[in-house]
Amino acid sequence: MHVFRQGLIVMLFTGFLSACGSLIVSGQAQGGGSSTTDSDARRRDAAITAEINRRFVRDTQISAFDVTIRTRNGVVQLSGQVRNAQAKQRAFELARSVDGVRRVESSLTY
């Protein structure tokens, strides 16, 4: 039961983070976008960020709570701290594998 509860908490928190990230990336937290094209790009970026976050949460090498993901125009920026060099490479690979990602820039440390 404890594992189930812990998993449920992680899922709820992940959904909360994704929603907050979507609002920030889409500009809703700052009063909205200026055009449909900008709004579409922000939605795509938010979807990329959410998908990367989901992959990090499911991965055993990466703590999604320790990595910040920012996406702008398909360019993903990863920052934060991971356990080791393998986790750093894994985070890069997971981010790069998401549809719509043009480039991944990483300042992850370990």
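Laboratory data are not the source of any read-out in this text; all were calculated from the coordinates shown. Everything quoted here is computed from the prediction, not taken from an experiment. All Cβ positions, glycine included, derive from the backbone under ideal geometry; neighbour counts span all protein chains shown.
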Full-extension gain between Ser39 and Arg83, please, as 0.36 nm times their residue separation minus the C-alpha to C-alpha distance. 12.3 nm
Using label points projected 7 Å from each Cα along Cα→Cβ, tell me how many nm separate Thr68 and Arg103, to one decimal. 2.0 nm
